[in-house]
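Worksheet for the structure shown next.
The values are calculated or read from the model by the stated rules, or taken from the named source; none is laboratory data. Note that this is a predicted model, so its numbers are computed, not measured. Note that each Cβ is placed from the backbone with ideal geometry, even for glycine, and that neighbours are counted across all protein chains shown. For accessibility, only protein heavy atoms count, side chains too; no ligands or nucleic acids. Shrake-Rupley method; radii C 1.70, N 1.55, O 1.52, S 1.80 Å.
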Amino acid sequence: MTNQAEALKGIRVLDFTWSVSGSTTARILAAFGAEVIKVEWPKTPDAMRFSMYAKDDEPGLNNGAFFNNLNAGKKSFTVNVKSERGMEIIHELLKKSDVVLENFSAGVFKKWGLDYKTLEEISPGIIYMSISGLGHTGRHKIYGTWGPTAAGLNGMTFISGMPKTHPAGWGYSIMDVIAGYTGAFSVMTALFHKKRTGKGQYIDISQVETGLPLAGANLLDFTVNKRSSKRPGFPPGNRSVTSKDHRENNYRGKVGCPHNSYRCAGGGDNDWCTIAIFSDKEWSTFKHAIGNPEWSMEEKYDTFEGRVSHQDELDRNIEAYTMERNKFEVMELLQNHGISCGAVQMNEDLMENDPQLKVRGLFERLKHPLLGERNLIGLPIKMSETQPYLHKTAPLMGEDNDYVLSEVLGYSKEEIKVLDEQGVLWPNDMPKDEFKVVRPLW
Amino acid sequence: MQKALEGIRVLEVGDQLTQFAGKMLADMGAEVVKVESPNGVEARHIGPFYRDEPDVNNSLYFWHYNTSKKSITLELGMESDREKFTGLLAQFDVVLEDFTPGILKEWSLDYDTLSSDYPELIMCSITPFGQTGPWSQYKMSDLTQLAIGGVMAVNGYDDVEDAPPIAPTGGQAANIAGYFAAIGIVSALFYREMGQRKGQHIDIAVHECVAGSTEYSLPYWEYQKTHVKRHTVRHALPNKSSRWIFKCKDDRYILCLNTYLDEKRWRELVNWLASKGMEGELTDERYVDDYFRATNMDNVCDVLEKFCLEHESEYIFHYAQSINLPWAPVRAPEEMLQDPHLSEDRKAFVEVEHSELNQSFIYPGAPYIFNNTPWEISSRPPLLGEHNDEFESYYLKDKALMKTSEKIK
């Protein structure tokens with residue numbers, strides 16, 4: 001794979017991101033072949049370096065397990081940006097970079113003297129992309145947001161859940177993930193523009209605003225039809241139509257009934273499957289597939305109207321069938337009849353058994369010096385000429401200091417030694433191997 | 001002002017899986033032409049509809065995802081229309097499609113066939129499972145895709161009895177795939193610009209996009225061989241974490257995140273609670289210690305629960321933010337419109353004129369602010385076949401062009 005052409009070969013990204021959103025952007029750019037230099041400082045490490053560890057591992061600075069996946073393909077350069085000499089080195093690196101990324105709170109980069117105007121002066125044509133909670137402008141720009149905060153503010157939490165109770169939201173920081181993808185698309189687009197015109201760009205991304213396109217039909221239903229999401233029956237759980245009294249579209253795309261999750265044999269948290277039926281013809285195929293049980297032959301189920309009117313009863317009957325069977329068995333049976341049915345797959349199902357992911361090779365096996373050979377999540381983009389791939393595991397803290405200083409900036413061994421002694425590259429009062437965390441984040 | 005993707009022409013022969021990627025390209029300046037059957041793509045038949053009146057030009061679901069695009073109608077099942085389609089290719093950079101694997105090959109419109117005549121062409125196919133593999137012919141829907149891709153396993157409740165795993169609304173499986181398709185396409189455009197003018201095929205599987213987008217879930221299996229449990233509005237983790245959603249006096253819910261609480265923030269929080277006489281036992285100095293607090297978080301939650309019930313969500317939100325607590329109310333999407341930071345300062349919503357209805361409507365605005373080449377909805381979503389006439393002359397021109405080039409050869 002290493003012989004293949006790379007879309008972003010020769011592009012250098014100076015990466016000040018941390019946590020999840022910005023790091024996701026940088027990870028994607030690295031997979032396309034960009035050289036991503038993650039700028040770090042051991043006294044204020046990326047919290048993801050200690051957010052989660054492998055079983056039985058002693059918490060350390062370099063063996064963060066989640067970090068390994070999130071920061072695959074990047075280089076790490078440690079430098080004290082709060083020192084004058086350190087900031088000089090950053091300026092030198094900026095001159096040799098095409099892109100600079102950060103996801104600090106609004107104002108931090110500016111305080112460092114690195115607003116867009118200055119960046120453009122230091123490095124004409126540079127692309128500066130920033131992800132912050134609420135953006136770099138506006139009355140609440142200083143508000144702090146983590147992934148779940150942003151999802152609360154932009155409606156993404158609200159649109160997920162059962163009717164008549166509080167929302168379920170998301171079991172992960174969806175807005176960190178989405179902001180990361182949004183960032184990658186924006187930088188890619190800016191690079192294309194720069195390639196054609198030589199012009200740089202300042203991209204100001206608000207994590208909250210990256211959610212604007214994700215609830216589009218929902219928002220238009222309000223702005224055009226004045227239909228509020230704060231109505232009985234919304235969100236609809238896993239149904240597409242809540243009841244015959246509430247025939248509103250629930251923004252899942254096509255409307256169907258039955259359309260729900262059903263318990264399967266086993267009794268575990270994830271022994272569930274989903275079934276979604278979108279036409280009377282599919283309903284009749286479904287009945288046939290499950291052996292035309294007596295209950296299913298009732299005329300009231302023959303039409304969409306009828307099925308919606310008797311949805312509770314219908315779902316109970318279907319669940320009585322699925323409860324007797326394994327989720328994969330149900331999925332295979334119904335899929336063989338062309339019915340949309342899926343097993344609720346948990347992490348183990350996806351990583352160990354999913355035959356589709358195996359054939360497609362989503363996971364890339366890479367060796368980390370402390371964590372050993374591991375499966376990392378590759379990019380879900382198959383390209384015939386410039387296939388993105390992960391290149392390497394996440395970097396150890398400061399792993400690429402020599403490369404950055406000597407190869408990129410042309411420093412001599414002696415000059416590097418002096419910087420080291422001055423504490424510009426690593427805090428003088430902090431031994432390299434004695435980092436301990438009080439407790440992992442999770 | 002020049003647009004980032006100005007001059008790039010995209011034929012979107014697709015429906016619900018391609019429309020978001022197409023919109024991302026179109027709103028950044030690419031000319032995206034939707035190629036639809038004479039009945040229109042299925043998205044046009046999906047609600048909600050303008051005034052709840054179903055019509056091919058009334059679908060709000062279609063509207064949202066098809067801004068800044070054009071629409072032409074061709075019946076690709078017919079050879080004469082396929083000829084018209086291939087006649088367009090010489091003038092287009094990208095074909096974006098979401099047919100069931102195999103159909104384009106039947107029509108001789110697959111990448112292998114087209115690339116021999118058009119080596120610069122970039123084709124992006126988005127399908128539920130990709131072009132290959134044992135599940136590639138499985139029938140999908142948003143719900144099923146979220147089940148099989150691992151989103152449902154991590155979304156749900158730990159405080160509602162018998163609750164199922166939950167699939168969020170909004171068509172999120174296709175949304176997530178849209179980002180990767182758009183990223184792939186622009187990377188291919190960038191590569192093509194590098195010199196060799198070489199196009200390529202991009203094969204996107206929604207399943208992989210969804211499966212790789214759940215943050216901690218897969219790493220927990222890889223590194224700890226543990227499953228994760230669903231927690232209401234919080235990360236799915238192997239062990240139960242403390243709740244952080246509470247009901248406020250105005251019946252709205254608020255998220256009171258309890259991570260990253262340092263000593264300063266903690267003391268300010270306790271002072272705030274105390275100023276309302278609702279601090280409970282939290283003034284106990286032992287709570288300042290991160291470890292003690294983490295192990296006694298349920299007591300903290302009880303205090304916060306009572307406090308929130310007594311106060312309005314907006315008050316709690318803004319005060320909490322003033323002492324650096326990253327808390328937020330759970331807003332319905334439409335409540336963003338009332339937030340002046342978004343609507344006034346950031347102009348996060350835009351007005352789009354629908355001349356056919358003599359009305360303008362508010363659409364969700366820019367997901368990124370580019371200083372040189374801003375995002376823009378350049379035109380309302382197209383009526384079905386609205387641009388047929390414009391391209392009718394293309395087919396003729398292309399025939400003329402082809403004749404000329406044959407002569408030169």
Odd one out for A:Ala168 among (1) facing chain B (nearest Cβ under 7 Å); (2) closer than 29 Å to A:Tyr116 by Cβ: (2)
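Scan region B:266-278 and give yes if some residue there is within 12 Å of chain A (Cβ to nearest Cβ), of a type in the set (Lys, Arg) and out of contact with any Gly (no Cβ under 6 Å at 6 or more places or on another chain), otherwise no.
no
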Going residue by residue through region A:81-89, is there one that turns out to be crowded, with 17+ Cβ neighbours inside 10 Å and in contact with a Lys or Arg (Cβ under 8 Å, 6 or more places away or on another chain)? no
Test result for A:Lys195, among the basic types (Lys, Arg), in the same structural domain as A:Val20 (by TED's automatic domain parsing) and open to solvent by 10 Å² or more (accessible area, probe 1.4 Å): yes
Flagged pairs (Cβ under 7 angstrom, 6 or more apart or on separate chains; first in region A:332-353, open to solvent by 50 Å² or more (accessible area, probe 1.4 Å); second of a type in the set (Ser, Thr, Tyr) and assigned to a helix (DSSP H, G or I)) are A:His337/A:Thr285
Is there a residue being open to solvent by 10 Å² or more (accessible area, probe 1.4 Å), touching a Pro at 6+ places or on another chain (Cβ under 9 Å) and either among the acidic types (Asp, Glu) or free of Cβ contacts under 8 Å to residues at least 40 places away in the same chain (or both) anywhere in region A:3-24? yes
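Answer with yes or no whether B:Asn258 is assigned to a helix (DSSP H, G or I), surrounded by 15 or more Cβ atoms within 10 Å (Cβ to Cβ) and either modelled with pLDDT of 95 or more or within 14 Å of chain A (Cβ to nearest Cβ) (or both). Break it down into steps so the answer makes sense when it comes.
Working: assigned to a helix (DSSP H, G or I): no; surrounded by 15 or more Cβ atoms within 10 Å (Cβ to Cβ): yes; either modelled with pLDDT of 95 or more or within 14 Å of chain A (Cβ to nearest Cβ) (or both): yes.
Against the criterion (assigned to a helix (DSSP H, G or I), surrounded by 15 or more Cβ atoms within 10 Å (Cβ to Cβ) and either modelled with pLDDT of 95 or more or within 14 Å of chain A (Cβ to nearest Cβ) (or both)), B:Asn258 does not qualify.
Filter region B:263-274 for residues that are open to solvent by 70 Å² or more (accessible area, probe 1.4 Å) and within 17 Å of B:Asn296 (Cβ to Cβ) and give the result.
Quick first cut of region B:263-274, residues open to solvent by 70 Å² or more (accessible area, probe 1.4 Å) only: B:263-264, B:267, B:271.
The answer is B:Glu263, B:Arg267.
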Kindly indicate whether any position in region B:177-194 is over 15 Å from the mean Cα position of the chain (by Cα), part of a loop (DSSP other than H, G, I, E, B), within 7 Å of chain A (Cβ to nearest Cβ) and under 22 Å from A:Val187 (Cα atoms). no
Any residue at all in region B:156-164 that's touching a residue at least 24 places away in the same chain (Cβ under 8 Å), in the same structural domain as B:Met78 (by TED's automatic domain parsing) and open to solvent by less than 10 Å² (accessible area, probe 1.4 Å)? yes
A:Lys75 under 22 Å from the mean Cα position of the chain (by Cα) and charged (D, E, K, R): yes
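Does at least one position in region A:300-316 carry a residue that is of a type in the set (Asp, Glu), touching a Phe, Trp or Tyr at 6+ places or on another chain (Cβ under 8 Å), open to solvent by 50 Å² or more (accessible area, probe 1.4 Å) and more than 28 Å from B:Ala173 (Cβ to Cβ)? Let's see the steps before the verdict.
Of region A:300-316, the ones of a type in the set (Asp, Glu) are A:302, A:305, A:312-313, A:315.
From the residues that got through so far, the ones that are touching a Phe, Trp or Tyr at 6+ places or on another chain (Cβ under 8 Å) too are A:302, A:315.
The next check asks that each one be open to solvent by 50 Å² or more (accessible area, probe 1.4 Å); those that pass are A:302.
Keeping just the survivors that are more than 28 Å from B:Ala173 (Cβ to Cβ) gives A:302.
Yes: region A:300-316 contains one or more residues that are of a type in the set (Asp, Glu), touching a Phe, Trp or Tyr at 6+ places or on another chain (Cβ under 8 Å), open to solvent by 50 Å² or more (accessible area, probe 1.4 Å) and more than 28 Å from B:Ala173 (Cβ to Cβ).
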Please return the ranges of strands (runs of 3 or more DSSP E) entirely within region A:311-399 where 2 or more residues are modelled with pLDDT of 95 or more and at the interface with another protein chain (Cβ under 8 Å from one of its Cβ atoms). A:340-343, A:372-377
What are the pairs, 6+ residues apart or on separate chains, where a residue within region A:224-253 that is in the same structural domain as A:Met162 (by TED's automatic domain parsing) and closer than 30 Å to B:Asn358 by Cα has its Cβ under 9 Å from a residue that is at pLDDT 90 or above and open to solvent by 30 Å² or more (accessible area, probe 1.4 Å)? none
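Which ones in region B:195-209 are facing another protein chain (nearest Cβ under 7 Å) and either at pLDDT below 95 or in a loop (DSSP other than H, G, I, E, B) (or both)? Let's see the steps before the verdict.
Going through region B:195-209, the residues facing another protein chain (nearest Cβ under 7 Å) turn out to be B:198, B:200-205, B:207-209.
Across region B:195-209, the qualifying residue is only B:Lys198.
May I ask you to list the residues in region A:1-36 that are under 17 Å from the mean Cα position of the chain (by Cα), in a loop (DSSP other than H, G, I, E, B) and within 10 Å of A:Gly73 (Cβ to Cβ)?
Within region A:1-36, the subset under 17 Å from the mean Cα position of the chain (by Cα) is A:17-32.
Subsequent filtering for residues that are in a loop (DSSP other than H, G, I, E, B) retains A:17-20, A:32.
The one that is under 17 Å from the mean Cα position of the chain (by Cα), in a loop (DSSP other than H, G, I, E, B) and within 10 Å of A:Gly73 (Cβ to Cβ): A:Phe32.
Out of the residues in region B:193-243 that are among the charged types (D, E, K, R), over 30 Å from B:Ser136 (Cβ atoms) and touching a residue at least 40 places away in the same chain (Cβ under 8 Å), which is most open to solvent (accessible area, probe 1.4 Å)? Talk me through it step by step, then tell me what you get.
Of all residues in region B:193-243, those among the charged types (D, E, K, R) come to B:193, B:197-198, B:203, B:208, B:215, B:222, B:225, B:229-230, B:234, B:240, B:243.
Now drop any that are not over 30 Å from B:Ser136 (Cβ atoms), which leaves B:193, B:197, B:229, B:234, B:240, B:243.
Cutting the leftovers down to touching a residue at least 40 places away in the same chain (Cβ under 8 Å) gives us B:197, B:229, B:240, B:243.
Numbers: B:Arg197: 84, B:Lys229: 100, B:Lys240: 142, B:Arg243: 74 Å².
Taking the candidates together, the pick is B:Lys240.
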Verdict on A:Ser406 being farther than 30 Å from A:Arg360 by Cβ and of a type in the set (Ser, Thr, Tyr): yes
Pick out the one residue from B:Pro168, B:Pro134 that is crowded, with 24+ Cβ neighbours inside 10 Å, assigned by TED's automatic domain parsing to the domain that holds B:Gly14 and in a loop (DSSP other than H, G, I, E, B). B:Pro168
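Return a yes/no flag: does region A:150-158 have any residue that is over 21 Å from B:Gln338 (Cβ atoms), crowded, with 24+ Cβ neighbours inside 10 Å and assigned by TED's automatic domain parsing to the domain that holds A:Asp115.
Of the residues in region A:150-158, the ones over 21 Å from B:Gln338 (Cβ atoms) are none.
No, that holds for no residue.
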Is it the case, given these coordinates, that B:Asp250 is surrounded by fewer than 20 Cβ atoms within 10 Å (Cβ to Cβ), more than 7 Å from chain A (Cβ to nearest Cβ) and free of Cβ contacts under 8 Å to residues at least 60 places away in the same chain? no
List pairs: first residue in region A:264-286 and at the interface with chain B (Cβ under 9 Å from one of its Cβ atoms), second residue acidic (Asp, Glu) anywhere in the structure, Cβ distance under 8 angstrom, at least six positions apart or on different chains. A:Asn270/A:Asp349
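Look through region A:223-280, keep the residues that are outside any loop (DSSP other than H, G, I, E, B) and in contact with a Pro (Cβ under 7 Å, 6 or more places away or on another chain), and return whichever of them is most open to solvent (accessible area, probe 1.4 Å).
Among those that are outside any loop (DSSP other than H, G, I, E, B) and in contact with a Pro (Cβ under 7 Å, 6 or more places away or on another chain), it is A:His246.
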Residues in region B:214-225: is at least one more than 18 Å from A:Ser173 (Cα to Cα), acidic (Asp, Glu), facing chain A (nearest Cβ under 7 Å) and touching a Ser or Thr at 6+ places or on another chain (Cβ under 8 Å)? no
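I'd like the full set of residues that are outside any helix (DSSP H, G or I) and either among the aliphatic types (A, V, I, L, M) or at negative phi (or both), limited to region B:105-120. Quick ask: steps written out before the conclusion?
Of the residues in region B:105-120, the ones outside any helix (DSSP H, G or I) are B:107-110, B:118-120.
Hits for region B:105-120 are B:Trp107, B:Leu109, B:Asp110, B:Tyr118, B:Pro119, B:Glu120.
How many residues are β-branched (Val, Ile, Thr) and touching a helix residue (DSSP H, G or I) at 6+ places or on another chain (Cβ under 8 Å) if we restrict to region B:322-360? Talk me through it step by step, then tell me what you get.
The initial filter retains those residues of region B:322-360 that are β-branched (Val, Ile, Thr), namely B:323, B:330, B:350, B:352.
Those left that are additionally touching a helix residue (DSSP H, G or I) at 6+ places or on another chain (Cβ under 8 Å): B:323, B:330.
So the answer is 2.
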